[in-house]
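Okay, handing you the structure first.
The values are calculated or read from the model by the stated rules, or taken from the named source; none is laboratory data. Everything numeric in this text was worked out from a predicted model, so none of it was measured. All Cβ positions, glycine included, derive from the backbone under ideal geometry; neighbour counts span all protein chains shown.
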Amino acid sequence: MSLIDFSPILLWFLAGVFFLALELLLPGLIVFFFGLGAWCTALILSLLPLTLANQLLVFLISSLIFLVLLRSFVKKIFLGHTLEVDAMAPGAPIEGTGEVIEDIVPPAVGKIKYGGSFWRARADQPLTKGTVVRILEKKNLTVKVGPLTAEGEE
């Protein structure tokens, strides 16, 4: 059985599967729309008899339409979104509290939990595990902390 003996509908469908599988290997979310265009061509070919030139034209036009209309929408779904502001970025206001999870005994550093993450922390005075601290300063990946008093002041 040769390639010519296969149904053109089946060939377009398999081309769509090939393009969708190829998208897993290539970045950019472009080949995905060629897969949709191939499937669209297979669907139209199952309804209407078309010459090879017309099949290629349907493939090209439908792929471009899918690309233009759906790319930004599909990209948001599959690629997600990124957080625009890092809470601990340089220049960001430093405010908030954390909890000591590893004793801080100066000059050595300990660890705190702050903003859902764990940070290396240093302090001017010893702080034990479980102490609630205020973030005073950030330098690279280490934060300087101080204890909170009952009034919330150091």
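Output the residue which, of all residues in the stretch 109-119 that are among the small types (Gly, Ala, Ser) and at pLDDT below 90, is surrounded by the fewest Cβ atoms within 10 Å (Cβ to Cβ). Explain how you work it out, then say what you get.
Of all residues in the stretch 109-119, those among the small types (Gly, Ala, Ser) come to 110, 115-117.
If we keep only those that are at pLDDT below 90 as well, we get 115-117.
Values: Gly115: 12, Gly116: 6, Ser117: 10.
Residue satisfying both the conditions and the ranking: Gly116.
Do we find a residue being surrounded by 12 or more Cβ atoms within 10 Å (Cβ to Cβ), modelled with pLDDT of 75 or more, under 20 Å from the mean Cα position of the chain (by Cα) and not in a helix (DSSP H, G or I) anywhere in the stretch 24-31? I'd like the intermediate steps shown before the answer.
Filtering the stretch 24-31 down to residues surrounded by 12 or more Cβ atoms within 10 Å (Cβ to Cβ) leaves 29-31.
Next, only the ones that are modelled with pLDDT of 75 or more stay: 29-31.
Still in the running and under 20 Å from the mean Cα position of the chain (by Cα): 29-31.
Then keep just the ones that are not in a helix (DSSP H, G or I); that gives 29-30.
Yes: one or more hits.
Residues Leu20, Leu56, Leu48, Leu52: which one is surrounded by 13 or more Cβ atoms within 10 Å (Cβ to Cβ) and among the hydrophobic types (A, V, I, L, M, F, W, C)?
Working: Leu56 fails: surrounded by 13 or more Cβ atoms within 10 Å (Cβ to Cβ); Leu48 fails: surrounded by 13 or more Cβ atoms within 10 Å (Cβ to Cβ); Leu52 fails: surrounded by 13 or more Cβ atoms within 10 Å (Cβ to Cβ).
Of the residues listed, the single one that is surrounded by 13 or more Cβ atoms within 10 Å (Cβ to Cβ) and among the hydrophobic types (A, V, I, L, M, F, W, C) is Leu20.
Limited to the stretch 109-128, what total is found for residues that are over 32 Å from the mean Cα position of the chain (by Cα) and more than 16 Å from Thr149 (Cα to Cα)?
Step one: of the stretch 109-128, the residues over 32 Å from the mean Cα position of the chain (by Cα) are 109, 122-128.
Restricting the remaining residues to those that are more than 16 Å from Thr149 (Cα to Cα) gives 109, 122.
Counting residues in the stretch 109-128 that are over 32 Å from the mean Cα position of the chain (by Cα) and more than 16 Å from Thr149 (Cα to Cα) gives 2.
Yes/no matrix, rows are residues, columns are (1) surrounded by 17 or more Cβ atoms within 10 Å (Cβ to Cβ); (2) of a type in the set (Lys, Arg); (3) in a strand (DSSP E or B); (4) modelled with pLDDT under 85:
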| residue | (1), (2), (3), (4) |
| --- | --- |
| Thr82 | no, no, no, yes |
| Asp86 | no, no, no, yes |
| Ala121 | yes, no, yes, no |
| Lys129 | no, yes, no, no |
| Glu137 | no, no, yes, no |
